[in-house]
Structure formats: C-alpha cells, structure tokens
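The values are calculated or read from the model by the stated rules, or taken from the named source; none is laboratory data. Bear in mind the structure is a predicted one, so any value in this text is a computation, not a measurement. Because the Cβ atoms are built from the backbone with ideal geometry, glycine has one as well, and the counts that use them run over all protein chains shown. Heavy atoms of the whole protein, side chains included, go into the accessibility calculation; ligands, DNA and RNA do not. Shrake-Rupley method; radii C 1.70, N 1.55, O 1.52, S 1.80 Å.
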Amino acid sequence: MKFVSIIMGSKSDYEVVYEAAKILNEFGAAYEMIVSSAHRSPARTAKYVADAEKKGAQVFICAAGMAAHLAGAVAANTTKPVLGIPLGGSALSGVDALYSTVQMPAGIPVATLAIGKAGAKNAAYLAVQILALNDEVLSSKLKADRAAKAEALKKDSEQIEVLLED
C-alpha cells in the first residue's frame, strides 16, 4: 500500500504535526506517524526509513526543531521525496530549525516548508500532490479542493465589498 510517512523528532511535536495528518485525512491519503530522533535514535530512524520504503512509503514528512537534522538524516537514507517541517519553540523561534532543514548538501535534497503549523499543512498538501501524480482520484480531489478554496475566497471578497458599500 502506498502511504506518507510522518516522522517527528519528539512527542512534543505532535500538536504541529497533527495539522499534516488532518489534511491527509481530508484527502483520504494513507499515512503512518512515528516519533524518532536523528540524534537520540539514529539507528532506529535509519531502520524505520528502510522498513517504511519496503511497506510502500512514497513520501516522508519530517518535523524537528532546533538543530533539525531529522529530514536530512531521512534524506540520507532514501531516494523518496523528503519534506521538512522546521519547528519553533527554540530560543531562535524556529529560525535555527529552518536553516538546519533548508541547508542540505547538493544531491541530498529536502523540500523545506514554513516553520510550524503552516509548514505542516503545506507538507501534507505537497505530499498529496506528489501522490496525485499517479493517482487520478487524489488529483481530482486536489482540483476540487482548489476550486472550493477559490469559491470561498470569492464569497469573502463579495462580503467585504458589501460592507465597504454600506
């Protein structure tokens, strides 16, 4: 079965990472979620990546803060797309995690999203877009989602225009 693997560096990251899970649920995209650290459990992380690939993982979403080497450690062990979510909460409000996630050596890419919940949501959308390359059902759901968002924005705009006229 094809699925998205979500890996967070610690249990405390769950609140942010759950935002990605909610989006994947909305699209009916299969996923599994684990806690594994690039620093505290590097062997477990590497083994998990290999096992997840064998089970059908197509995309890895990795969320970590501070030194944020999780996405890079995963990317070093797979050729599947890796999406990094830098997390806040550090003395540098996540900028350290952003730099750690985005500054990968050439040839070992990590697609890096925004810090925090917005990044988690966009990681899920990007994962669905990647899966939709070979899944017409997901592709149709993405198109419908975009159309619904455009329609909602149009309604919001019309409501504001009415308020401005009054």
Can you tell me the Rg and the Dmax, both Å, for the Cα atoms in region 76-136? 12.8, 44
With a Förster radius of 30 Å, plug the Cβ-Cβ distance of Ala43 and Leu92 into 1/(1 + (r/R0)^6) and report the FRET value to the nearest 0.05. 0.55
Degrees separating the helix 42-55 axis from the principal Cα axis of the chain, which is the longest one: 60
What is the helix-to-structure angle for 117-132, meaning the angle in degrees between its Cα long axis and the longest Cα principal axis of the chain, kept from 0 to 90 and rounded to the nearest 10? 90
Taking only the alpha carbons of the chain, the radius of gyration and the largest Cα-Cα distance, Dmax, both in angstrom, are 17.4, 64
If the chain between Ala67 and Ala114 were fully extended at 0.36 nm per residue, the gain over the current Cα-Cα distance would be 15.4 nm
Taking 7 Å along the Cα-to-C-beta vector as the label spot, tell me the Glu32-Glu151 distance in nanometres, rounded to one decimal. 3.7
Carbon/sulfur fraction of accessible area - region 36-142, other protein chains in place, 1.4 Å, %: 59
If every Lys and Arg gets +1 and every Asp and Glu gets -1 at its Cβ, then about the Cα centre the chain yields a dipole, in debye to the nearest 20, of 820
Per residue of region 9-24, what does 6.51 cos²θ - 1.76 cosθ + 1.60 with θ = phi - 60° give for ³J(HN,Hα)? Whole Hz please, x for Gly and Pro, Karplus curve as stated. x, 7, 4, 5, 7, 4, 4, 6, 5, 4, 4, 5, 4, 4, 5, 4
Check the straight Cα-Cα distances from Lys155 and name the lysines below 24 Å, setting aside those fewer than 8 residues away within the same chain. Lys121, Lys141, Lys143
For region 82-166, calculate the relative contact order in percent as a whole number, restricting contacts to Cα pairs under 8 Å that are 6 or more residues apart. 23
Percent relative contact order for the chain, counting Cα pairs under 8 Å at least six residues apart, stands at 21
Report the full-extension gain for the segment Glu53 to Leu133: residue separation times 0.36 nm, less the Cα-Cα distance, to one decimal in nm. 27.0 nm
Could you report the chain's accessible area per residue, 1.4 Å probe, as an integer in Å²? 55
With axes computed from alpha carbons, what is the tilt in degrees of helix 136-165 against the longest principal axis of the chain, rounded to the nearest 10 within 0 to 90? 50
Net charge near Ala67, counting Lys/Arg +1 and Asp/Glu -1 over other residues with Cβ under 12 Å of its Cβ? 0
Would you compute, from DSSP H runs of 4+ residues alone, the mean residue ellipticity of the chain at 222 nm, taking -39500 (n - 2.57) per run and dividing by the full residue count, rounded to the nearest 500? -17500 deg cm²/dmol
